[in-house]
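**Student:** Quick one: this structure, given as structure tokens, is what I'll be asking you about.
Readers should treat all values here as calculations from the given coordinates under stated rules, not as data from a laboratory. Just so you know, these numbers come straight off a predicted model, no measurement behind them. Don't worry about glycine lacking a Cβ; one is built from the backbone with ideal geometry, like all the others, and counts go over all protein chains shown.
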Amino acid sequence: MENGQNGSSFPKTTGSDGTTYVEEIVQIAHAELRRLLQQRAEVMRRIGTVKQTIAGLAKLFGDSLLTEELLELVDRKSNGRQRGFTKACRMILMESGPALTARDVCDQIQDKIPSMLARHKDPMASVTTILNRLVDYGEAQPVFLSNGRRAWQWITESGSQSHSTGSGKLPNSGILTGQQPPGTTK
């Protein structure tokens with residue numbers, strides 16, 4: 001077992017800095033994975049912002065201005081199958097103004113899709129797990145309310161702010177102004 005730490009037949013050749021070539025490859029792959037995960041989080045925030053804008057416009061002016069495909073894309077039309085639990089939690093959090101507790105999310109699912117909670121033995125635990133997963137995806141952030149309770153809020157492109165700016169203005173995505181959104185090319 002001189003050639004490798006796990007008895008592999010790969011030679012333990014070292015680079016100029018003392019690391020093995022395999023260790024260098026692992027370091028490069030690790031950096032690439034971190035970069036891709038960051039990009040995924042940014043894309044998911046961007047998707048959420050665009051969906052919020054479209055859903056807000058549809059609420060103001062009616063769903064009739066949206067095509068069938070767009071209604072499905074922004075989750076305002078059933079595609080014939082049961083909506084996913086993660087998708088439901090994501091949409092509730094995305095459409096909320098202030099941060100929501102797991103209980104708030106459960107209550108809203110109960111109001112909108114009662115059959116969905118019936119499939120879960122412990123709905124609060126399931127919702128908490130999904131909300132924490134949304135944090136891992138970079139789509140939500142945990143916050144503590146004034147009463148000390150943990151809650152979650154949707155993250156928009158600006159990063160650490162809730163999508164509710166308090167100003168009543170739509171997020172500045174460039175869509176409505178004709179400007180190119182940041183980070184994109186024509």
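**Student:** Please work out the FRET efficiency for the pair Asp107 and Ser64, using the Cβ-Cβ distance as r and a Förster radius of 25 Å; give the result to the nearest 0.05.
**Tutor:** According to the calculation, E is roughly 0.25.
**Student:** Which order do peptides 96-108, 113-125 fall in by mean Cβ count within 10 Å, highest first?
**Tutor:** Peptide ranking by packing, descending: 96-108, 113-125.
**Student:** Let me know the charge dipole size of the range 20-145 about its Cα centre in debye, to the nearest 20, where only the beta-carbon of Lys, Arg (+1) and Asp, Glu (-1) is charged.
**Tutor:** 260 debye
**Student:** Any idea which of Thr67, Gln108, His120 is furthest toward the positive side of the dipole for the range 31-157, if Lys and Arg beta-carbons carry +1 and Asp and Glu beta-carbons -1?
**Tutor:** His120
**Student:** Rounded to the nearest 0.05, what FRET efficiency do Gln39 and Asp122 give with R0 = 45 Å and r taken as the Cβ-Cβ distance? Could you check?
**Tutor:** According to the calculation, E is roughly 0.85.
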